[in-house]
Amino acid sequence: MTLIHTAFFNEAKPIIEHFKLQFITKEPIKLYKNDSILLAISGMGEKTLHVKEITQKYEISKAINIGIAGCKDKSIQIGELFCTNKKLNDIPFATLSCSKEPIDSPNKIKTTLVDMESSYFLEATKDIEDRYIFKVVSDYLDINVPKKEFVWKIISKSIEKWEHYV
């Protein structure tokens, strides 16, 4: 089974609809599934560590984190998709930092992208060999949370680019 992880429902909603996933539980984190995919919504930051419990309960062969990220490079378009932990032939690579707090200045990070859960996801899924971190650029280090409709739109547009990794 493939685990898809998002921090927020806003990121998960288009994925739930695309793969026709059904709600199964909200404890310790919200889970949706079909025959081959389990989607976990953990919340941001350290809450992502709850994904470890999911990997122990279900037989997971692949893990994907998909979500939004701030970008310090304004030449990169909002909505662009990157893989941040592997170099792939069909999806560009970008460096990624994980921060506990919102970052509002490009001088505060050395990487191109920044999020708030990727390092916790890697820790929680360290026993799974086949892992991907996909990030969609949502802003240029704006500390305001993007509107849910905007997040739905950019995640929705990204699915066809990464769904074959599921």
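The values are calculated or read from the model by the stated rules, or taken from the named source; none is laboratory data. Here the structure is a predicted model, which is why all the values come from computation and not from measurement. Cβ placement follows ideal geometry from the backbone for every residue including glycine, while neighbour counts extend to all protein chains displayed.
General remarks:
- Hey, S105 surrounded by fewer than 22 Cβ atoms within 10 Å (Cβ to Cβ) and modelled with pLDDT of 95 or more or not: no
- Some residue of segment 24-44 being among the aromatic types (F, W, Y) and without any contact (Cβ under 8 Å) to a residue 24 or more places away in the chain: yes
- Wholly enclosed strands (runs of 3 or more DSSP E) of segment 78-166 bearing at least 2 residues free of Cβ contacts under 8 Å to residues at least 24 places away in the same chain: 96-98
- Scanning segment 54-72 for residues that are touching a Phe, Trp or Tyr at 6+ places or on another chain (Cβ under 8 Å) and either part of a loop (DSSP other than H, G, I, E, B) or acidic (D, E) (or both) turns up just one, K72.
- Of residues in segment 115-137 being β-branched (V, I, T) and surrounded by fewer than 23 Cβ atoms within 10 Å (Cβ to Cβ), the one farthest from the chain's Cα centre (by Cα): I128
- Single condition K47 does not satisfy, out of (1) under 14 Å from F8 (Cα atoms); (2) surrounded by 19 or more Cβ atoms within 10 Å (Cβ to Cβ); (3) not aliphatic (A, V, I, L, M): (2)
- Single condition K62 does not satisfy, out of (1) closer than 22 Å to Y140 by Cβ; (2) within 17 Å of the chain's Cα centre (by Cα); (3) at pLDDT 95 or above: (1)
- Of all the listed residues (K74, K13), the sole one being over 17 Å from the mean Cα position of the chain (by Cα), within 24 Å of V137 (Cβ to Cβ) and in contact (Cβ under 8 Å) with a residue 24 or more places away in the chain is K74.
- Where V51 falls short, out of the listed (1) part of a strand (DSSP E or B); (2) in contact (Cβ under 8 Å) with a residue 40 or more places away in the chain: (1)
- Subset of segment 14-48 [modelled with pLDDT of 95 or more, of a type in the set (V, I, T) and not in a strand (DSSP E or B)]: I15, I16
- When we screen I66, I78, I54 for residues that are within 20 Å of S158 (Cβ to Cβ) and either buried (at least 19 other Cβ atoms within 10 Å of the Cβ) or of a type in the set (D, E) (or both), the only hit is I66.
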